[in-house]
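Below you'll find the structure, written out as C-alpha coordinates, and then a few comments.
The values are calculated or read from the model by the stated rules, or taken from the named source; none is laboratory data. Every value quoted in this text rests on a predicted model; they were computed, and no experiment measured them. In this analysis, Cβ positions are derived from the backbone assuming ideal geometry, glycine residues included, and neighbour counts consider all displayed protein chains. Each accessible area value is taken on the protein alone, full model and side chains, heavy atoms only, with ligands, DNA and RNA left out. Shrake-Rupley method; radii C 1.70, N 1.55, O 1.52, S 1.80 Å.
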Amino acid sequence: MQYFIQQLINGLTLGSIYGLIAIGYTMVYGIIGMINFAHGDIFMVGAFTALIVFLILGAMFYSVPVVAALLIMMIVSMLLVSLYNWVIEKIAYRPLRGSFRLAPLITAIGMSIVLSNFVQVTQGPRNKPIPPMVSQVYNVYGISISLKQIIIVVVTALLLVIFWYVVNKTALGRAQRACEQDRKMAALLGVNVDRTISITFIIGASLAAVAGTLFLMYYGVVVFSDGFVPGVKAFTAAVLGGIGSIPGAVIGGLAIGFIESIWSAYFSIDYKDVAAFSILAIVLIFMPSGILGRPEVEKV
(Lines give C-alpha, C1' and ligand atoms only; values in the text may rest on other atoms or scores of the structure.)
Protein backbone atom coordinates (compact mmCIF):
# COMPACT_ATOMS: atom_id res chain seq x y z
CA MET A 1 0.00 0.00 0.00
CA GLN A 2 2.84 2.38 0.80
CA TYR A 3 4.37 1.71 -2.60
CA PHE A 4 1.05 2.48 -4.30
CA ILE A 5 0.65 5.76 -2.39
CA GLN A 6 4.23 6.64 -3.33
CA GLN A 7 3.34 6.25 -6.99
CA LEU A 8 0.22 8.36 -6.54
CA ILE A 9 2.39 11.16 -5.14
CA ASN A 10 4.80 10.83 -8.06
CA GLY A 11 1.84 10.87 -10.46
CA LEU A 12 0.40 13.97 -8.78
CA THR A 13 3.72 15.76 -9.26
CA LEU A 14 4.02 14.82 -12.92
CA GLY A 15 0.33 15.46 -13.59
CA SER A 16 0.60 18.95 -12.12
CA ILE A 17 3.20 19.86 -14.75
CA TYR A 18 1.12 18.32 -17.54
CA GLY A 19 -1.95 20.17 -16.30
CA LEU A 20 -0.25 23.57 -16.42
CA ILE A 21 0.82 22.96 -20.02
CA ALA A 22 -2.58 21.52 -21.00
CA ILE A 23 -4.40 24.68 -19.89
CA GLY A 24 -2.60 26.61 -22.65
CA TYR A 25 -3.81 24.16 -25.28
CA THR A 26 -7.40 24.17 -24.09
CA MET A 27 -7.64 27.97 -23.63
CA VAL A 28 -6.54 28.71 -27.18
CA TYR A 29 -8.79 26.02 -28.61
CA GLY A 30 -11.73 27.23 -26.57
CA ILE A 31 -11.50 30.77 -27.95
CA ILE A 32 -10.33 30.40 -31.57
CA GLY A 33 -10.77 26.67 -32.20
CA MET A 34 -7.08 26.16 -32.99
CA ILE A 35 -4.60 23.59 -31.69
CA ASN A 36 -1.38 25.47 -30.93
CA PHE A 37 1.15 22.70 -31.52
CA ALA A 38 3.98 25.14 -30.76
CA HIS A 39 2.84 25.28 -27.13
CA GLY A 40 5.05 22.34 -26.12
CA ASP A 41 8.08 24.17 -27.44
CA ILE A 42 6.97 27.31 -25.59
CA PHE A 43 7.20 25.15 -22.46
CA MET A 44 10.71 24.05 -23.50
CA VAL A 45 11.79 27.66 -24.12
CA GLY A 46 10.51 28.48 -20.62
CA ALA A 47 12.70 25.73 -19.16
CA PHE A 48 15.77 27.01 -21.04
CA THR A 49 15.04 30.58 -19.98
CA ALA A 50 14.91 29.43 -16.35
CA LEU A 51 18.19 27.57 -16.89
CA ILE A 52 19.92 30.69 -18.25
CA VAL A 53 18.61 32.82 -15.36
CA PHE A 54 19.85 30.19 -12.91
CA LEU A 55 23.33 30.27 -14.44
CA ILE A 56 23.39 34.07 -14.42
CA LEU A 57 22.39 34.18 -10.76
CA GLY A 58 25.08 31.63 -9.94
CA ALA A 59 27.70 33.70 -11.76
CA MET A 60 26.69 37.03 -10.21
CA PHE A 61 26.08 36.01 -6.61
CA TYR A 62 27.93 33.66 -4.31
CA SER A 63 24.76 32.36 -2.72
CA VAL A 64 21.08 32.95 -3.52
CA PRO A 65 18.22 31.59 -1.38
CA VAL A 66 16.36 28.84 -3.21
CA VAL A 67 12.98 30.56 -2.87
CA ALA A 68 14.35 33.81 -4.30
CA ALA A 69 16.13 31.98 -7.13
CA LEU A 70 12.97 30.07 -8.08
CA LEU A 71 10.85 33.22 -8.01
CA ILE A 72 13.32 35.13 -10.20
CA MET A 73 13.57 32.19 -12.61
CA MET A 74 9.77 31.93 -12.86
CA ILE A 75 9.17 35.66 -13.29
CA VAL A 76 11.84 36.17 -15.96
CA SER A 77 10.76 33.01 -17.76
CA MET A 78 7.11 34.09 -17.70
CA LEU A 79 7.94 37.53 -19.08
CA LEU A 80 10.19 36.35 -21.92
CA VAL A 81 8.09 33.35 -22.92
CA SER A 82 4.91 35.45 -22.87
CA LEU A 83 6.62 37.88 -25.21
CA TYR A 84 7.57 34.99 -27.51
CA ASN A 85 4.01 33.68 -27.60
CA TRP A 86 2.54 37.15 -28.12
CA VAL A 87 4.81 37.72 -31.13
CA ILE A 88 3.96 34.26 -32.53
CA GLU A 89 0.23 34.97 -32.22
CA LYS A 90 0.58 38.38 -33.81
CA ILE A 91 2.73 37.49 -36.82
CA ALA A 92 1.92 33.82 -37.43
CA TYR A 93 -1.63 33.09 -36.26
CA ARG A 94 -3.61 36.33 -36.43
CA PRO A 95 -3.26 36.84 -40.22
CA LEU A 96 -4.60 33.30 -40.75
CA ARG A 97 -7.53 33.53 -38.36
CA GLY A 98 -10.13 33.78 -41.12
CA SER A 99 -8.54 31.26 -43.48
CA PHE A 100 -9.28 27.55 -43.88
CA ARG A 101 -8.80 25.44 -40.75
CA LEU A 102 -5.62 23.65 -41.82
CA ALA A 103 -3.61 26.86 -42.35
CA PRO A 104 -3.19 27.76 -38.63
CA LEU A 105 -2.49 24.11 -37.83
CA ILE A 106 0.31 23.90 -40.39
CA THR A 107 1.67 27.26 -39.20
CA ALA A 108 1.66 26.02 -35.58
CA ILE A 109 3.68 22.95 -36.56
CA GLY A 110 6.08 25.22 -38.44
CA MET A 111 6.49 27.50 -35.40
CA SER A 112 7.16 24.43 -33.26
CA ILE A 113 10.00 23.42 -35.58
CA VAL A 114 11.35 26.99 -35.63
CA LEU A 115 11.45 27.22 -31.83
CA SER A 116 13.02 23.78 -31.44
CA ASN A 117 15.72 24.45 -34.03
CA PHE A 118 16.36 27.94 -32.66
CA VAL A 119 17.09 26.53 -29.20
CA GLN A 120 19.16 23.70 -30.69
CA VAL A 121 21.34 26.17 -32.60
CA THR A 122 21.72 28.73 -29.81
CA GLN A 123 22.05 26.36 -26.84
CA GLY A 124 23.45 23.22 -28.46
CA PRO A 125 21.99 19.72 -28.88
CA ARG A 126 23.32 18.23 -25.65
CA ASN A 127 21.57 17.88 -22.29
CA LYS A 128 21.92 20.93 -20.06
CA PRO A 129 22.12 19.86 -16.40
CA ILE A 130 22.04 22.04 -13.31
CA PRO A 131 23.07 21.25 -9.72
CA PRO A 132 20.20 20.10 -7.48
CA MET A 133 18.31 23.18 -6.28
CA VAL A 134 16.25 21.36 -3.65
CA SER A 135 17.36 18.08 -2.09
CA GLN A 136 15.34 17.70 1.11
CA VAL A 137 13.28 14.52 1.37
CA TYR A 138 10.73 13.84 4.10
CA ASN A 139 9.72 10.37 5.23
CA VAL A 140 6.07 10.14 6.28
CA TYR A 141 4.98 6.68 7.45
CA GLY A 142 7.44 5.05 5.08
CA ILE A 143 6.47 7.28 2.13
CA SER A 144 9.15 9.55 0.69
CA ILE A 145 7.97 13.04 -0.22
CA SER A 146 10.59 15.41 -1.56
CA LEU A 147 10.45 19.16 -1.08
CA LYS A 148 10.54 19.46 -4.89
CA GLN A 149 7.27 17.59 -5.15
CA ILE A 150 5.67 19.76 -2.48
CA ILE A 151 6.79 22.94 -4.28
CA ILE A 152 5.39 21.72 -7.60
CA VAL A 153 1.99 20.78 -6.16
CA VAL A 154 1.69 23.97 -4.07
CA VAL A 155 2.71 26.28 -6.94
CA THR A 156 0.34 24.51 -9.32
CA ALA A 157 -2.57 24.71 -6.87
CA LEU A 158 -1.88 28.41 -6.19
CA LEU A 159 -1.74 29.24 -9.90
CA LEU A 160 -4.95 27.33 -10.58
CA VAL A 161 -6.76 29.29 -7.85
CA ILE A 162 -5.51 32.58 -9.30
CA PHE A 163 -6.41 31.46 -12.80
CA TRP A 164 -9.92 30.38 -11.70
CA TYR A 165 -10.45 33.81 -10.15
CA VAL A 166 -9.29 35.60 -13.32
CA VAL A 167 -11.54 33.54 -15.59
CA ASN A 168 -14.67 33.67 -13.40
CA LYS A 169 -14.48 36.96 -11.50
CA THR A 170 -12.79 39.56 -13.72
CA ALA A 171 -13.66 41.56 -16.84
CA LEU A 172 -10.93 39.72 -18.75
CA GLY A 173 -12.50 36.39 -17.83
CA ARG A 174 -15.92 37.58 -19.00
CA ALA A 175 -14.38 38.72 -22.27
CA GLN A 176 -12.69 35.35 -22.73
CA ARG A 177 -15.92 33.47 -22.08
CA ALA A 178 -17.79 35.77 -24.46
CA CYS A 179 -15.23 35.17 -27.21
CA GLU A 180 -15.44 31.44 -26.57
CA GLN A 181 -19.20 31.47 -27.13
CA ASP A 182 -19.36 33.81 -30.14
CA ARG A 183 -16.51 36.06 -31.25
CA LYS A 184 -18.63 38.12 -33.65
CA MET A 185 -21.30 38.84 -31.08
CA ALA A 186 -18.63 39.65 -28.48
CA ALA A 187 -17.09 42.18 -30.87
CA LEU A 188 -20.52 43.77 -31.49
CA LEU A 189 -20.94 44.14 -27.74
CA GLY A 190 -17.66 46.03 -27.40
CA VAL A 191 -15.21 43.27 -26.52
CA ASN A 192 -11.77 43.79 -28.03
CA VAL A 193 -11.45 40.30 -29.52
CA ASP A 194 -7.88 40.66 -30.78
CA ARG A 195 -6.62 41.89 -27.41
CA THR A 196 -8.52 39.14 -25.56
CA ILE A 197 -6.99 36.45 -27.77
CA SER A 198 -3.51 37.93 -27.35
CA ILE A 199 -3.89 37.99 -23.57
CA THR A 200 -5.07 34.37 -23.69
CA PHE A 201 -1.87 33.41 -25.50
CA ILE A 202 0.14 35.36 -22.91
CA ILE A 203 -1.57 33.61 -19.99
CA GLY A 204 -1.07 30.19 -21.58
CA ALA A 205 2.60 30.94 -22.16
CA SER A 206 3.04 32.13 -18.58
CA LEU A 207 1.65 28.88 -17.21
CA ALA A 208 3.86 26.91 -19.60
CA ALA A 209 6.89 28.93 -18.43
CA VAL A 210 6.14 28.08 -14.81
CA ALA A 211 5.74 24.43 -15.82
CA GLY A 212 9.12 24.61 -17.59
CA THR A 213 10.78 26.08 -14.50
CA LEU A 214 9.28 23.37 -12.28
CA PHE A 215 10.30 20.71 -14.80
CA LEU A 216 13.89 21.97 -14.70
CA MET A 217 13.90 22.04 -10.90
CA TYR A 218 12.43 18.53 -10.66
CA TYR A 219 14.56 16.72 -13.23
CA GLY A 220 17.65 18.95 -13.12
CA VAL A 221 18.24 18.71 -16.87
CA VAL A 222 16.72 20.05 -20.07
CA VAL A 223 17.35 19.51 -23.78
CA PHE A 224 16.00 21.20 -26.91
CA SER A 225 13.73 18.23 -27.74
CA ASP A 226 11.96 18.36 -24.38
CA GLY A 227 9.12 20.35 -25.88
CA PHE A 228 7.83 17.46 -27.98
CA VAL A 229 6.99 14.62 -25.58
CA PRO A 230 5.63 16.75 -22.68
CA GLY A 231 3.78 18.86 -25.25
CA VAL A 232 2.12 15.83 -26.84
CA LYS A 233 1.23 14.42 -23.43
CA ALA A 234 -0.22 17.75 -22.31
CA PHE A 235 -2.26 17.90 -25.52
CA THR A 236 -3.41 14.34 -24.79
CA ALA A 237 -4.38 15.49 -21.30
CA ALA A 238 -6.40 18.38 -22.76
CA VAL A 239 -8.22 16.00 -25.13
CA LEU A 240 -8.77 13.43 -22.37
CA GLY A 241 -10.27 16.04 -20.04
CA GLY A 242 -12.30 17.62 -22.82
CA ILE A 243 -10.62 20.09 -25.15
CA GLY A 244 -11.92 23.56 -24.37
CA SER A 245 -12.61 22.74 -20.71
CA ILE A 246 -10.09 24.24 -18.27
CA PRO A 247 -10.99 21.96 -15.33
CA GLY A 248 -10.89 19.09 -17.82
CA ALA A 249 -7.32 20.00 -18.79
CA VAL A 250 -6.22 19.80 -15.16
CA ILE A 251 -8.05 16.51 -14.59
CA GLY A 252 -6.59 15.11 -17.81
CA GLY A 253 -3.08 16.15 -16.79
CA LEU A 254 -3.43 14.47 -13.42
CA ALA A 255 -4.88 11.35 -15.07
CA ILE A 256 -1.93 11.09 -17.49
CA GLY A 257 0.49 11.58 -14.59
CA PHE A 258 -1.17 8.86 -12.51
CA ILE A 259 -1.31 6.44 -15.45
CA GLU A 260 2.38 6.91 -16.27
CA SER A 261 3.52 6.63 -12.68
CA ILE A 262 1.46 3.56 -11.78
CA TRP A 263 2.20 1.79 -15.06
CA SER A 264 5.94 2.42 -14.66
CA ALA A 265 5.82 1.02 -11.12
CA TYR A 266 3.90 -2.18 -11.77
CA PHE A 267 4.59 -2.90 -15.44
CA SER A 268 7.29 -2.10 -17.98
CA ILE A 269 8.46 1.51 -18.00
CA ASP A 270 9.12 1.18 -21.72
CA TYR A 271 5.38 1.06 -22.40
CA LYS A 272 4.18 3.88 -20.15
CA ASP A 273 3.47 6.15 -23.13
CA VAL A 274 1.58 3.34 -24.87
CA ALA A 275 -0.55 2.90 -21.75
CA ALA A 276 -1.40 6.61 -21.56
CA PHE A 277 -2.42 6.87 -25.22
CA SER A 278 -4.32 3.56 -25.08
CA ILE A 279 -6.44 4.77 -22.18
CA LEU A 280 -7.04 8.02 -24.07
CA ALA A 281 -8.33 6.01 -27.03
CA ILE A 282 -10.58 3.90 -24.80
CA VAL A 283 -12.03 6.96 -23.05
CA LEU A 284 -12.72 8.73 -26.37
CA ILE A 285 -14.53 5.66 -27.71
CA PHE A 286 -17.12 5.90 -24.93
CA MET A 287 -16.84 9.67 -24.28
CA PRO A 288 -15.94 11.35 -27.60
CA SER A 289 -15.92 14.83 -26.03
CA GLY A 290 -13.59 13.82 -23.20
CA ILE A 291 -14.31 13.66 -19.48
CA LEU A 292 -15.68 17.20 -19.05
CA GLY A 293 -15.98 18.27 -22.68
CA ARG A 294 -19.24 19.43 -24.21
CA PRO A 295 -20.43 18.14 -27.59
CA GLU A 296 -19.80 20.77 -30.24
CA VAL A 297 -23.05 22.20 -31.62
CA GLU A 298 -22.97 23.33 -35.22
CA LYS A 299 -24.19 26.93 -35.55
CA VAL A 300 -26.52 27.59 -38.47
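Laid out as a table, the results:
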item: Two-decimal Rg to Rh for the range 11-225 - Kirkwood Rh, Cα set; result: 1.01
item: Entries in 90/148; 148/272; 184/233; 90/169 that, when Cα-Cα distance is taken, lie over 25 Å; result: 90/148; 184/233; 90/169
item: Fluctuation leader among 289, 278, 225 - the chain, Gaussian network, Cα springs under 10 angstrom; result: 278
item: Spatial separation of Cα centroids for the range 1-25 and the range 72-131, in angstrom; result: 25
item: Under Karplus coefficients 6.51, -1.76 and 1.60, residue-wise ³J(HN,Hα) of the range 125-138 in Hz, glycine/proline x; result: x, 8, 4, 10, x, 10, x, x, 7, 9, 10, 5, 10, 10
item: Carbon plus sulfur fraction of accessible area for the chain, probe 1.4 Å, in percent; result: 70
item: Amide hydrogen neighbours beyond the local backbone of residue 146, cut-off 5 Å, H modeled; result: 138
item: Kyte-Doolittle mean at least -0.5 and Cα axial length at least 18 Å: DSSP H helices in the chain; result: 2-32, 39-60, 66-88, 102-123, 147-169, 193-219, 228-241, 246-266, 272-286
item: Theoretical FRET efficiency, 1/(1+(r/R0)^6), r = Cβ-Cβ of residue 127 and residue 169, R0 45 Å, to 0.05; result: 0.60
item: Reciprocal of mean inverse Cα separation for the range 1-111 (Kirkwood radius, Å); result: 16.3
item: Full-stretch length increase - residue 136, residue 150 - with 0.36 nm per residue and alpha-carbon distance subtracted; result: 4.0 nm
item: Accessible area (Å², per residue) of the chain, counting only protein heavy atoms and a probe of 1.4 Å; result: 51
item: FRET efficiency estimate (nearest 0.05) - Cβ-Cβ, residue 182 to residue 86, R0 22 angstrom; result: 0.35
item: FRET efficiency, residue 117 to residue 56 (Cβ-Cβ, R0 25 Å, nearest 0.05); result: 0.55
item: Relative contact order for the range 11-225, counting Cα pairs under 8 Å that sit 6 or more residues apart, in percent; result: 43
item: In Å², nearest 10: area of residue 80 left accessible to a 1.4 Å probe; result: 80
